[in-house]
Structures are given as structure tokens and as C-alpha cells.
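The values are calculated or read from the model by the stated rules, or taken from the named source; none is laboratory data. Fair warning: this is a prediction, and the values are worked out from it, not measured in the lab. For neighbour counting, all protein chains shown are included, and Cβ atoms are generated from backbone atoms with ideal geometry for every residue, glycine included.
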Amino acid sequence: MTTDLRYWLGFNLVTGIGPIRLRALLDTFGDLGTAWHASPAQLREAGLDRRSLDNLLQARATLSLDRELEKVQRAGVQLLTWDDEAYPRHLRNIYDPPPLLYVRGELRPEDEWAVALVGTRRATVYGKEATRQLAGGLARSGITIVSGLARGIDAQAHRSALDAGGRTIAVLGSSVDIIYPPEHRRLAEEIAQHGALISEYPLGTQPEASNFPPRNRIISGLSLGVVIVEAGVGSGALITADFAVEQGRDVFAVPGSIFQRSSEGCNQLIREGAIPVLSVSDILEELNLTMVEQQAEVRAAVPATEMEARLLSHLSSEPTHVDELCRSVNLPVAQISSTLALMELKGLVRQTGGMNYVLAREGGVEYSVD
């Protein structure tokens, strides 16, 4: 695994090779070790343009992958690739998931139940109080709070989750060893103790302006839904909302005064179809998260079964009748019904009426059965 990880790290250090090109290299060569050592002709045939190829050849000539990996390990940073079981499931399912995540802290299975809260850096008293109540209430309900560690709404979201005794994840526009803004270093350390700092950028990466829009896709990709608490029309939080829509996530917005510029973006989102948020329960009910703590307990106490995996493979966001499931898996209705009842308790499926079932969240639940 260490040998494979060196090549994931190596390609992550090459400018111009992102998720799409890396996937093409994997499809062509089968593994990144072979791709790293491939000839220029083979790499051109695999689809690398001249600039990306030149960058890769330069990296191969100058980098010591062993030293780069040692540097990451000395920094206390964990690396997660697409192939790792611990790689966040919801993020893996977006169009362009980061091939490599740098993690300070710890990602846990319960972080699957996550909601993002983002907003303007120039937060008003109203915006901060709304964030405090929403993030705190969600955290007390067992929901992990995701945000971007920025000034204003983001920092308030992280702080409120921590004050409520919950978990929170910060997605950075720099590397995890360079905290921006610098006054949030203490907050970042607390987040690493009670959640995780995450970045797709190599160690030593400064917070360049161009880094922040791409990181917003990770914020939404980690989450079941995105709440825009307070945002002007030009706010970067609206970029996160756009990514959420592309990824099939629910978008929520906190309404504000029609006379406040800081609320123009949220009010516009609501006019365009975002779900207005008046309380924590609006979010929990819309995302089917009202019993997260109980569902987590049931999942921990009752291990996954082969039957559950088979049923999940036949379910989607479209209602499927129990009789159709019986025909698909060729098992008695009593056995199917009892399994579905347990899966409801785990929060894996939801009954829509008339013995029809859907996945609790679109995209399904992926887990292995020992």
C-alpha cells in the first residue's frame, strides 16, 4: 500500500494532472506505478497534452517520492485515495472527486451524516446568530458540520459545532499545514481534535485565490445538503450552492431582510427554488435526518448483511414495490419485508407508502459484507 501511495502522491504534485487525466491514466495503465514509469510515447497515447507531459517528466527527474511521503508522515497527515475504504463515500460519487485527500484529524463513519453551512466573510449579527443556532442544533442531533474555515459564517459554523460537543470538518483552500486566515490557527487545531482538516492541495500550498472555488465542490460533495446562511449576490458561498445543485445535493437558504445586501444572495436562492430554513427541524426533516443518533446505534449494533447489499443494489431514488424486489432477488416476501424494516431503522432506505421503498439518500449506501 505504501508503494502505491507514493505514486498517488507523486501525481498529485504534478501540475495539470487532475481527476479526469488521472482516471484516464489508471484506465490505460491499470495502476499508477506503471503510469509513473511509462514512456513519453505511452503517456501521449494515454491522452496527456504536452504541458502535462513536460510537468510529469520534470517531476520524475527531480522528486524523491520516498522523501515526499516521509514529509507527509512527519507532518502527521493522513493520505486518502479513491481506493481507500475510508475515503468519504458521498465525495467519491461526485463528478470530479479529488484523487488524493490530505487529512489532519480523523474522518469517521458517522461523518456520512454531514451538512455544510457556508456564507459571507462579512457576517452580520443576524447571520452569526442564525449560524450559531443552526450549526449547534445540527451538531447536537449528531450531524457533522462542514465548512471552509473562512472568516464570518464559516468560522461561526465550526465554532458552534465544537461548542455543542459535535464534529466538524474544515475544507481548506490551502494545504493542511498552512492555515488561512492565520487568526484561525487555534480554531483549526480544535477542529483537528474533534473532526478533520481536509485539502486536496500538496503540503506547502499557499491560499491562492484560484484554490477556493474548486475546494467548494469538496464542501458540497462531503455533505447531504448545503445551507447558505448569509450571502451577498457576489458571495463565494453561491459557488458552493452551484456545485451542490450539480451534485444533486439539497440547497437551503436562510431568508433575510430585503433591505440587507448581505441577504440578497440567500433571498435570490429561495426565489430560484432553494429550501427556506426557519429552524433546524427544516433541515433534519428534509434530509431525513431526524433519527441520526438512533440509526448510527443500530448500524453499529447490527452488522451489514449480504441480503441488505442485494436489496440496495435494486433500489434507487425511484420507488420500488416490495413485490418487485421479491422477484429481483427471488426470495420470500416475509424475508424481504423484515430486512427492509431493519434497513429503515439503520437509515438506509425509506418507505414512501404502499410498500414502496427508495434509498434514504440518492446514490445509495455502499459497504462491504465480511
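Scanning the range 48-82 for residues that are among the charged types (D, E, K, R) and free of Cβ contacts under 8 Å to residues at least 12 places away in the same chain turns up Arg50, Asp54, Arg67, Glu70, Arg74. Restricting attention to the range 243-268, report how many residues are touching an Asp or Glu at 6+ places or on another chain (Cβ under 7 Å) and not polar (S, T, N, Q). So the count comes out to 5.
Would you confirm, using the coordinates I've provided, whether Glu45 is crowded, with 18+ Cβ neighbours inside 10 Å, without any contact (Cβ under 8 Å) to a residue 40 or more places away in the chain and on the phi < 0 side of the Ramachandran plot?
Here the answer is no, as Glu45 does not meet what is asked.
The residue that is surrounded by the fewest Cβ atoms within 10 Å (Cβ to Cβ), counting only those in the range 94-120 that are within 12 Å of the chain's Cα centre (by Cα) and of a type in the set (Gly, Ala, Ser), is Ala114.
Using the structure shown, decide if Thr352 is at pLDDT 85 or above and either surrounded by 12 or more Cβ atoms within 10 Å (Cβ to Cβ) or in the same structural domain as Thr144 (by TED's automatic domain parsing) (or both). Criteria not met by Thr352. Residue pairs whose Cβ atoms lie under 7 Å apart, separated by 6 or more positions or on different chains, with the first residue in the range 337-354 and in a helix (DSSP H, G or I) and the second among the acidic types (Asp, Glu), are Thr339/Glu308; Met343/Glu308.
Being farther than 22 Å from Glu68 by Cα and either at pLDDT below 90 or buried (at least 17 other Cβ atoms within 10 Å of the Cβ) (or both) is a condition met by no residue of the range 7-18. Within the range 77-93, the residues that satisfy the criterion of being closer than 18 Å to Pro202 by Cα and either in the same structural domain as Ile169 (by TED's automatic domain parsing) or in contact with an Asp or Glu (Cβ under 9 Å, 6 or more places away or on another chain) (or both) are Val77, Gln78, Thr81.
Has the range 25-34 got any residue that is touching a Leu at 6+ places or on another chain (Cβ under 7 Å), in a helix (DSSP H, G or I) and farther than 16 Å from Pro99 by Cα? Scanning the range 25-34, I find no residue that is touching a Leu at 6+ places or on another chain (Cβ under 7 Å), in a helix (DSSP H, G or I) and farther than 16 Å from Pro99 by Cα, so the answer is no. Selection over the range 225-235 of residues that are surrounded by fewer than 24 Cβ atoms within 10 Å (Cβ to Cβ) and either touching a strand residue (DSSP E or B) at 6+ places or on another chain (Cβ under 7 Å) or under 22 Å from Ser199 (Cβ atoms) (or both) gives a count of 2. Confirm whether Asp83 is part of a loop (DSSP other than H, G, I, E, B), at pLDDT below 95 and more than 19 Å from Arg215 (Cα to Cα). The answer is yes for Asp83. Just the residues that are among the hydroxyl-bearing types (Ser, Thr, Tyr) and surrounded by 15 or more Cβ atoms within 10 Å (Cβ to Cβ), please, taken from the range 48-93. Result: Ser52, Thr81, Tyr87. Here the range 245-277 is the region considered, the condition is being touching a residue at least 40 places away in the same chain (Cβ under 8 Å) and closer than 13 Å to Asn216 by Cβ, and the residue that is surrounded by the most Cβ atoms within 10 Å (Cβ to Cβ) is Gln247.
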